[in-house]
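Working notes, structure below.
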Amino acid sequence: MKFLKKLFAPVDMTLGKPWEDILVFTLPMLLGNIAQQLYNTVDSVVVGRYVGDNALAAVGSAGPIFNLLIVLFIGISVGAGILVSQYFGAKNREELSRTIGNSLTLTACASLFVMAVATLLTRPLLELLGTPDSILDWCTSYLHIMFIGIAGMAFYNILSGILRGMGDSISALLYLLVASGLNIALDLLFVAKFEMGVAGVALATVIAQGVSAVLCMLRLMKMKDAFDMKVTYLKMTKKHAIGIIRLGVPSGLTQAIMSMAMLVVQSLTNSFGEQFIAANVIVMRVDGFAMLPNFSFGTAMTTYAGQNIGAKKFDRVTQGAKQGTFMGLAVSAAITATILFFGRPLMSIFTETESLVNLSMNMMKILAVGYLAMAIIQSLSGVMRGAADTVTPMWISIIMTIIIRVPIAYGLAYLTRSPELPQGRQESVYISLLISWIIGAVMTGVAYKRGKWKGKALA
């Protein structure tokens, strides 16, 4: 019992060796992110194997629209996580309690809004993007179910962000593992046995996410040593609601911009036909796993920086930033090597079509080196966000996606048109992404070195 109590206790990252704090915090969160990614991956594998390549393309085409319409939750999660980590580091129980209460209320309001609005916008957006008629109905059905059941995903992400802000990355991991196992079982039940197609995949995901949200809520209610859970704290206050929104809006906008860029590029992707759409789904699923260490280190750095800034330990922040970025680069180098040498068997998991495997692998080779650049972006951006500077990463993201990636993608496609390739070369989609990552890494490194983020602490 003592071991379990220690395992689930909030972690104070203001003490001990920085690299050990970051690594211990990152590992369970990485495993949790892997479990999260399994939602999408299992969905893709099941529909690809049991329904067909067109169904696989449908699930993939729905992704950018779903990501665009859930930016509210991303903003709330980031804003809440920053405030929670700083107030936890500062040992300010009252402010911590009010921040958590306001976060829950904001999440409930945002869930109702997305449920009402997103279901109405789904089909018009799919049509606007030129989604092929052969997969349009499947895409619509998938997204309608996902948005109607959005509350589970919303509350899990906000609650897990709050738990991580207080140094608990273990609970979110365990609950995601439970939910992932449930998702796999329900996918096979709904799709393989009941033949519900992409609708079954969406329903399985919604149910599993709802379970993980309930488990997170139960865990949070037991953390009485760290904060107070009172009904009065659920009432939104101007200070805390605005604080969460002010910090979260730049991150939400960052995700919205990235999603909009993906939507614009998705239109280019759709022009290359259904096989390339399906290949793009496979690449994005493998890419999703490859990026997990970078995202995990980035989130860990946000919590680490937030707690130490709240405790006024600025030297530890700088020391941890160097060590965390180095670890992120080392892991990304290993992932890049793995993809280059063993990528083909990974692609074969999703489809038995040899031409699709070859196409996916060729595209994946272009992206692989870019994970080193993303290690720098995520780790140093995490530090800046932890210091309550969410604006700088937002502007870097805008430049990366809108100013660099989208024009290069369409420009390369246009310049490589020929009678044999009337839409241009397919590689333009991924070359543009690689270039944007490299430039983004340089910009993030410069912004971190300038150090303006050091003067933005709230606690």
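No lab work stands behind these numbers, since they all come straight from the coordinates. As the structure is a computational prediction, the values presented were derived from the model and not from experiment. Neighbour counts run over all protein chains shown; Cβ positions are idealised from the backbone, glycine included.
For L189 and E352, the difference between the fully extended length at 0.36 nm per residue and the C-alpha to C-alpha distance is 56.5 nm. Taking the Cα centre of region 265-329 as reference, the dipole from Cβ charges on Lys and Arg (+1) and Asp and Glu (-1) amounts to some 440 debye. Across region 71-88, coupling constants 3J(HN,Hα) worked out from phi with the 6.51/-1.76/1.60 Karplus curve, θ = phi - 60°, read 5, 4, 5, 4, x, 4, 4, 5, x, 5, x, 5, 5, 4, 5, 5, 5, 5 Hz, and Gly and Pro carry x. Against the main long axis of the alpha-carbon atoms of the chain, helix 354-368 sits at an angle near 40°.
Take the residue pairs K313/K452; K17/K312; K238/K449; K322/K365; K17/K91; K17/K313 and return only those whose Cα atoms are more than 22 Å apart. Kindly include the intermediate steps, with their values, before the conclusion.
Working: K313/K452 16 Å; K17/K312 16 Å; K238/K449 34 Å; K322/K365 28 Å; K17/K91 20 Å; K17/K313 13 Å.
Cα-Cα > 22 Å for K238/K449; K322/K365; rest within.
Here the Karplus curve 6.51 cos²θ - 1.76 cosθ + 1.60, taken at θ = phi - 60°, turns the phi angles of region 179-184 into couplings of 5, 5, x, 5, 4, 4 Hz, with x standing for Gly and Pro. Averaging Cα coordinates gives a centre for region 117-178 and one for region 274-298; these two points are 17 Å apart. The stretch between L421 and I403 holds 3.9 nm of extra length on full extension. This uses 0.36 nm per residue minus the Cα-Cα distance.
Taking Cα atoms only, the orientation of helix 274-290 departs from the longest principal axis of the chain by about 30 degrees. Return one number: the angle in degrees, 0 to 90 and rounded to the nearest 10, between the long axis of the Cα atoms of helix 238-271 and the longest principal axis of the Cα atoms of the chain. Roughly 10 degrees between the two axes.
Rounded to the nearest 0.05, the FRET efficiency derived from the C-beta distance between H144 and I366 at R0 = 51 Å is 0.90. Based on Cα atoms of region 56-202, Rg over Rh with Rh as the Kirkwood radius reads 1.05. Express in whole angstrom the spacing between the alpha-carbon centres of region 201-263 and region 331-384. Taking the Cα centre of each part, region 201-263 and region 331-384 sit 30 Å apart.
May I ask for the percentage of alpha-carbon pairs in the chain that lie more than 44 Å from each other?
Of the Cα pairs, 9 percent sit more than 44 Å apart.
With 0.36 nm allotted per residue and the present C-alpha distance subtracted, the Q275-L340 stretch has 21.2 nm of extension available.
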